[in-house]
Amino acid sequence: MNQIDFAVAFLLMISILTYTLLSVSNTLANDFNTFTAKRLEESASSLSKQLFKIQDNKSLISNFKKIKVSFNEMGGYPHVETLNITITPVEDKIHVYDNFLNEIQSTNLSNGNNITVSFSLSFSPNEIKYVNIFYDGVPTTNIAYTSNVTQTNITSIILSEEDVYVLSQQRCSNLKVLIYEQAKNNFGFSNNFNISECEYGTEMPLSANIIIKSIPLLIEKPDGTLYSKIVKLKVW
């Protein structure tokens with residue numbers, strides 16, 4: 001009977017020891033995986049900030065300006081009008097959009113430091129419309145509505161000028177000429193990465209811990225116009 005009790009106790013002790021070792025092993029593995037995932041998340045956040053938040057010679061963004069303007073039809077009848085906004089100063093890439101980022105065709109007339117942006121809008125009676133003028137340049141010293149108010153029956157209010165970050169075609173091109181390992185060294189980055197809209201980075205593995213950062217940005221097309229999209233930064 002004592003031998004049976006000893007055997008049962010021995011088997012019970014082995015079972016407890018095995019369970020304890022497995023539990024400790026699983027805990028250590030989970031802790032390691034959590035630590036690895038946290039380090040990868042921190043790494044992805046750091047690279048995302050370098051690329052899309054800090055404007056320096058390593059980032060992919062340019063600082064554009066946006067002017068929001070409202071127009072109010074006051075004549076009480078439907079009509080199409082050519083409207084003029086004069087901006088001082090402006091350097092380059094002036095485009096006009098509606099609130100949904102659909103481009104409104106415009107022409108730009110330069111006069112010294114002034115550029116007059118001219119575009120046409122159709123109005124219903126008493127309709128209010130908004131446009132956004134984007135451009136690449138320094139802050140303006142003057143923004144003015146220069147259409148003939150009496151002739152157009154339109155009033156205008158310059159609502160704001162603000163800074164906006166735009167994913168730059170030129171900066172993407174500059175990145176693409178770099179060898180991948182050189183780019184990683186420039187960023188001080190040890191993990192692998194891939195940037196969707198710049199089409200840059202190494203090919204992702206079929207199986208890996210991958211952190212995906214989704215960054216909503218305005219993106220510059222080769223012709224200088226803008227569109228909105230979610231840029232994906234993948235890090236592993």
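So if we plug the beta-carbon distance of residue 107 and residue 148 into 1/(1 + (r/R0)^6) with R0 = 22 Å, what FRET efficiency do we get, rounded to 0.05? Walk me through the numbers on the way to the answer.
Details: r = 17 Å, r/R0 = 0.78.
After rounding, the FRET efficiency stands at 0.80.
So, counting K/R as plus one and D/E as minus one, what does the shell of residues with Cβ under 15 Å around residue 79 add up to? Before the final figure, lay out the partial values.
Working: positive: 129; negative: 73, 81, 127.
Neighbour charge sum, excluding residue 79 itself: -2.
Mind listing which GluC sites (Glu not before Pro) in the stretch 138-204 are in a DSSP loop and have 13 or fewer other Cβ atoms within 10 Å?
199, 203
Using the basic label-point model (7 angstrom from Cα toward the beta carbon), what is the residue 207 to residue 68 distance in nanometres?
5.0
Report the residues of the stretch 147-173 in range of a label on residue 77: point 7 Å along Cα→C-beta, backbone N strictly under 16 Å from it.
In the stretch 147-173, the label zone of residue 77 (backbone N under 16 Å from the point 7 Å along Cα→Cβ) covers 150-154.
Lys and Arg at +1, Asp and Glu at -1: add these up for the other residues within a Cβ distance under 14 Å of residue 196 and post the number.
Details: positive: 176, 213, 229, 232, 234; negative: 197, 199, 203.
Taking every Cβ under 14 Å from that of residue 196, the sum is +2.
Using the Kirkwood formula on the Cα atoms of the stretch 67-163, what hydrodynamic radius do you get, in angstrom to one decimal?
Details: mean 1/r = 0.0735 Å⁻¹.
After inverting the mean inverse Cα-Cα distance, the result is 13.6 Å.
As a test of the definition: which semi-axes, in Å, follow for the stretch 46-106 when you take the square root of five times each eigenvalue of its alpha carbon gyration tensor? Largest first, please. Each step should come with its number before you reach the end.
On the way: eigenvalues 248, 38, 18 Å².
Largest first, the stretch 46-106 gives 35, 14, 10 Å.
Rule-based calculations on the coordinates, nothing more; no lab input. Quantities reported herein were computed from a predicted structural model and do not represent experimental measurements. A quick note on method: Cβ atoms are made from the backbone with ideal geometry, for glycine too, and the neighbour counts reach across all protein chains shown.
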